[in-house]
Amino acid sequence: EFTIYQNYPNPFNPQTNIKIKILNSTQIKLCVYNSLGQLVKVLYNGHILNGNYNFTFDAKDLSSGIYICRLETLQSSKSIKMLYIK
């Protein structure tokens, strides 16, 4: 139903690209969390059509460390780890 690819570049400084593939139109939420599980940024929240999408995450105001990008649909979710190095 969907795929979230590993971000590139990874590690990144300060921006990275997150590519997703949606097979069927659906409601999604694409969020970034810090290593404590706190929400850092909502990249997208809403209905999306099938296709390939690219989102840019800018961490210039954040500290170095591991961040989790989570893609959620109504049926399931998948996550990737991202490493930010200043």
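The values are calculated or read from the model by the stated rules, or taken from the named source; none is laboratory data. Since the structure is predicted, the reported quantities are computational estimates derived from the model, not experimental observations. Every residue, glycine among them, receives a Cβ derived from its backbone with ideal geometry; neighbour counts consider all protein chains shown. Surface areas here come from the heavy atoms of the whole protein model, side chains and all, with no ligands, DNA or RNA. Shrake-Rupley method; radii C 1.70, N 1.55, O 1.52, S 1.80 Å.
Every test in (1) under 22 Å from Ile85 (Cβ atoms); (2) open to solvent by 80 Å² or more (accessible area, probe 1.4 Å); (3) not β-branched (Val, Ile, Thr) is passed by His47 save one, and that test is (1). Looking only at region 4-44, count how many residues are under 12 Å from Leu71 (Cβ atoms), open to solvent by 40 Å² or more (accessible area, probe 1.4 Å) and more than 11 Å from the chain's Cα centre (by Cα). Number of matching residues: 2.
Looking only at residues in region 71-82 that are open to solvent by 80 Å² or more (accessible area, probe 1.4 Å) and modelled with pLDDT of 95 or more, the one that is farthest from Thr16 (Cα to Cα) is Lys78. In the set (1) open to solvent by less than 60 Å² (accessible area, probe 1.4 Å); (2) within 16 Å of Asn13 (Cβ to Cβ), Ile68 fails one condition alone, (2). Any chance region 4-18 includes a residue that's under 14 Å from Ser77 (Cα atoms), at pLDDT 95 or above and touching a Leu at 6+ places or on another chain (Cβ under 7 Å)? Yes, region 4-18 contains a residue that is under 14 Å from Ser77 (Cα atoms), at pLDDT 95 or above and touching a Leu at 6+ places or on another chain (Cβ under 7 Å). Quick check: is even one residue across region 33-40 closer than 17 Å to Gln6 by Cα and of a type in the set (Val, Ile, Thr)? No, because not a single residue in region 33-40 is closer than 17 Å to Gln6 by Cα and of a type in the set (Val, Ile, Thr).
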